[in-house]
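Worksheet: one structure, shown below.
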Amino acid sequence: KNQVEQSPQSLIILEGKNCTLQCNYTVSPFSNLRWYKQDTGRGPVSLTIMTFSENTKSNGRYTATLDADTKQSSLHITASQLSDSASYICVVSANAGGTSYGKLTFGQGTILTVHP
Amino acid sequence: SAVISQKPSRDICQRGTSLTIQCQVDSQVTMMFWYRQQPGQSLTLIATANQGSEATYESGFVIDKFPISRPNLTFSTLTVSNMSPEDSSIYLCSVELRLHTEAFFGQGTRLTVV
């Protein structure tokens, strides 16, 4: 069964500090891994998307890493801001082959709270 | 990118009634997806809405409870029928512009059934 596990479940940090969120997956066959940010009361917004051959990708203060061998990913947030307070969801897409849609498996999310 | 307009953004409904949620995309897309996000949980796929054919439902979701329409390539509706308090959730529509690329989500519909 395809699964995505995220840790920690929640995290509180002070503004300006860095943090790293973890994601382990057992999705096969693998297509890509995505990190989304979901603000309270809003839909998820894409931060990064990585394929098998990519092991790091940045989007501003967000840097995602991918180790396809160990099936682990991390999302590093640098110099956190109050607006970073949100749920961060790791999502893995399975490769259904050809032009078929690959189903997404969602992690439970890490709730990040940034305090002033 | 894609801009998705979903409405209503929230509603409080009486049990036994039905609510139809609308999803409008600013570009033509082949497949649209409907998700449910229960409190404190992650997203669960309800069904894939295909234009010109019946929606494809995931295990645990049935057409009688969650009928879906997809009249054209930019619009879809999801109806939550005969609601009970267990249906209280956030419902989201989503699209992918191209296969295996990022998904775009609507802002969600927060449904409370009393």
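Quote the relative contact order of chain A in percent (integer), defining contacts as alpha-carbon pairs under 8 Å separated by 6+ residues.
Relative contact order, chain A: 37 percent.
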*Zone of A:D67 (label point 7 Å along Cα→Cβ, backbone N under 18 Å): which residues in the range A:13-42?*
A:20-27, A:33-34
*For the range A:14-103, which chymotrypsin sites (Phe, Trp or Tyr not before Pro) are both in a DSSP coil and crowded by at most 15 other Cβ atoms within 10 Å?*
A:F52
*So which residues of the range B:88-108 lose at least 10 Å² of accessible area, probe 1.4 Å, when you go from the chain by itself to every protein chain present?*
B:L92, B:E96, B:L99, B:H100, B:T101, B:E102, B:A103, B:F105, B:Q107
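Can you figure out the FRET efficiency of B:V62 with A:H76, using R₀ = 45 Å and their beta-carbon distance, to the nearest 0.05?
After rounding, the FRET efficiency stands at 0.60.
What ratio of Cα Rg to 2.2 N^0.38 Å holds for the protein assembly as shown? Could the numbers behind the result be given before it?
On the way: Rg = 17.7 Å, N = 230, 2.2 N^0.38 = 17.4 Å.
The value comes to 1.02.
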*What is the interface area between chains A and B, defined as buried accessible area summed over both chains with a 1.4 Å probe, reported in Å² to the nearest 100?*
1700 Å²
*With a probe of 1.4 Å, find how much accessible area the range A:1-107 has per residue, and write the answer as a whole number in Å².*
49 Å²
*From the square roots a ≥ b ≥ c of the eigenvalues of the alpha-carbon gyration tensor of the range A:6-93, which class results: rounded (a/c under 1.5), prolate (a/b over b/c), or oblate?*
prolate
_Rolling a 1.4 Å sphere over the protein heavy atoms, what is the accessible area per residue of chain B, to the nearest Å²?_
47 Å²
*Once both labels are modelled 7 Å past Cα along the beta-carbon direction, what's the B:Q22-B:S1 spacing in nm?*
2.4 nm
*asked:* What do you get for GluC sites (Glu not before Pro) in the range A:1-73 restricted to DSSP loop and a cutoff of at most 16 other Cβ within 10 Å of the site's Cβ?
replied: A:E15, A:E54
_Most fluctuating residue given options A:S58, A:S74, A:S93, as computed from a GNM of chain A linking Cα atoms under 10 Å_ = A:S58
*Roughly speaking, to the nearest percent, how much of chain A's 1.4 Å accessible area is carbon and sulfur?*
49 percent
*At A:S58 and A:S28, where each label point lies 7 Å from the Cα along Cα→Cβ, what is the point-to-point distance in nanometres?*
3.5 nm
*the range A:45-98 to the range B:30-44: how many Å between their Cα centroids?*
19 Å
*asked:* Taking beta carbons within 10 Å but only from partner chains, what does the mean come to for residues B:34-43?
replied: 4
_Exposed-site-free run, longest, chain A (rule: trypsin sites (Lys or Arg not before Pro); DSSP loop; at most 12 other C-beta within 10 Å)_ = A:18-116
*Could you grab the relative contact order for chain B? Cα pairs under 8 Å, six or more apart, rounded to a whole percent.*
37 percent
_Using 22 Å as the Cα-Cα cut-off, could you pick out the over-long pairs in B:K7/B:K65; A:K57/B:K7; A:K17/A:K37?_
A:K57/B:K7
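Using the crude model of +1 on Lys and Arg Cβ and -1 on Asp and Glu Cβ, and no other charge, please compute the dipole size for chain A relative to its Cα centre, in debye to 20.
200 debye
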*Can you tell me the equivalent ellipsoid semi-axes for chain B? Use √(5λ) from the Cα gyration tensor, largest first, whole Å.*
22, 14, 13
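For A:42-53, what's the mean count of beta carbons from other chains sitting within 10 Å of each residue's beta carbon?
4
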*Dipole size in debye (nearest 20) for the protein assembly as shown around its Cα centre, Lys and Arg Cβ +1, Asp and Glu Cβ -1?*
180 debye
*Taking the dipole about the Cα centre of the protein assembly as shown, with the C-beta of Lys and Arg at +1 and of Asp and Glu at -1, give me whichever of A:V114, B:V114, B:S42 is farthest to the positive side.*
B:V114
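The values are calculated or read from the model by the stated rules, or taken from the named source; none is laboratory data. Values in this document were obtained by computation on a predicted structure and should not be read as measured data. For neighbour counting, all protein chains shown are included, and Cβ atoms are generated from backbone atoms with ideal geometry for every residue, glycine included. Side chains included, ligands, DNA and RNA excluded: accessible areas come from the protein's heavy atoms. Shrake-Rupley method; radii C 1.70, N 1.55, O 1.52, S 1.80 Å.
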